[in-house]
1. Under DSSP H, which helices of the chain have Cα atoms covering 18 Å or more of the helix axis and a Kyte-Doolittle average no less than -0.5?
2. Could you rank the peptides 91-103, 159-171, 191-203, 57-69 by their average count of other C-beta atoms within 10 Å per residue, with the highest value first?
3. Full extension from residue 208 to residue 153: what is 0.36 nm times the residue separation minus their Cα-Cα distance, to one decimal in nm?
4. For the chain, count the residues as N, evaluate 2.2 N^0.38 Å, and divide the Cα radius of gyration by that value, please.
5. Express in whole angstrom the spacing between the alpha-carbon centres of the stretch 115-179 and the stretch 231-254.
6. Rounded to two decimals, what is the ratio between the C-alpha radius of gyration of the stretch 2-82 and 2.2 N^0.38 Å?
7. In percent, how large is the relative contact order of the chain, given Cα pairs closer than 8 Å and 6 or more residues apart?
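Coordinate-derived values only; no laboratory data. Since the model is a prediction, treat every value here as computed from it, not as a measurement. Don't worry about glycine lacking a Cβ; one is built from the backbone with ideal geometry, like all the others, and counts go over all protein chains shown.
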Amino acid sequence: MNNRDPLFLVNLKRYPLTHRGSDEYRRLVSSIKQKLHQHGAASLPEFILPDAIRCMATEANALAPLAYPGPSEATPYFFNYELASSHDPSHPTNRTSKRNLAQVAYDLIPPESALYRLYHWGPLPEFLADVLGYSKLYQMTDLFQSLNISIMEQHGCQQWHFDRGHFVTTLLLQQPEGGGIFEYVPDIREDDDEHFDEVQKILEGERQRVRKINIEAGMLNLFKGHYSIHHVTPVEGKTRRIQTALAYTAEPNRIGNLKSSILHYGPRVAIRTDPDLLKITTQV
């Protein structure tokens, strides 16, 4: 596919993001809001057109050799460094589990790629702002965290964890032959109560509150990852599971935690600490 204009990437017949004031658009926003409220997550199947998602998967596979593996195990709070705990090793803040994935940072994703152009397409953050109740959302201005590609090979997985940001937007670019299921427990955490006892139950294998989403390639997913613990089950088969996370924020010129960037994208990040280098203002 030669045309990487988002107008030819997004399934606009099903998701009319370019008709923001229309009745159809308002119904779409209302439906997704309701799903987020009821389930803590909302999926938009076939958000990306079939030819476009194949193009994105091809581009992502070409970048896979650049992916950094990051830590091989982590706690549920590995983004929340302020929760470093002096509790015993079995406490949720100290309890680690297997993490097997690699990530391509934003600065390694070519500006001419379909994924990069989608991230910088104006109607997408406008739509997300309407769904999430923000007056406006912005692309992050971080060299590494603004946009990433997550690669899971056979047996790849991600541990139970919370996200640092209050909401997460992901897009599956390529689904594996089996496994790689996204599972979560909605709203297990509150701003004023971590509910460590409930988290402990999940880590010990309780399944009563666990929900799952069988994510398909081309599906956009919105998720309250700060409040809902979640993980990805092991990938089965030789086809990679490839997913991207698109980071938008309510504040302009937002830069992520440098410690997180070094941990997840490698030592090369440590030499790029000049504030002028950590900002990207390029728009498509």
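1. Numbers: long enough: 23-39 (24 Å, -1.40); 50-63 (20 Å, 0.19).
Span-like helices here: 50-63.
2. Numbers: 91-103: 18.2, 159-171: 19.8, 191-203: 14.2, 57-69: 16.5.
In decreasing order of mean packing, 91-103, 159-171, 191-203, 57-69 become 159-171, 91-103, 57-69, 191-203.
3. Working: separation 55, 0.36 × 55 = 19.80 nm, distance 2.88 nm.
Gain on stretching residue 208 to residue 153: 16.9 nm.
4. 0.97
5. A separation of 6 Å, based on Cα centres.
6. Details: Rg = 17.9 Å, N = 81, 2.2 N^0.38 = 11.7 Å.
Normalised Cα radius of gyration, the stretch 2-82: 1.53.
7. Working: 577 pairs, mean separation 73.5, N = 284.
Once divided by the residue count of the chain, the mean separation gives 26 percent.
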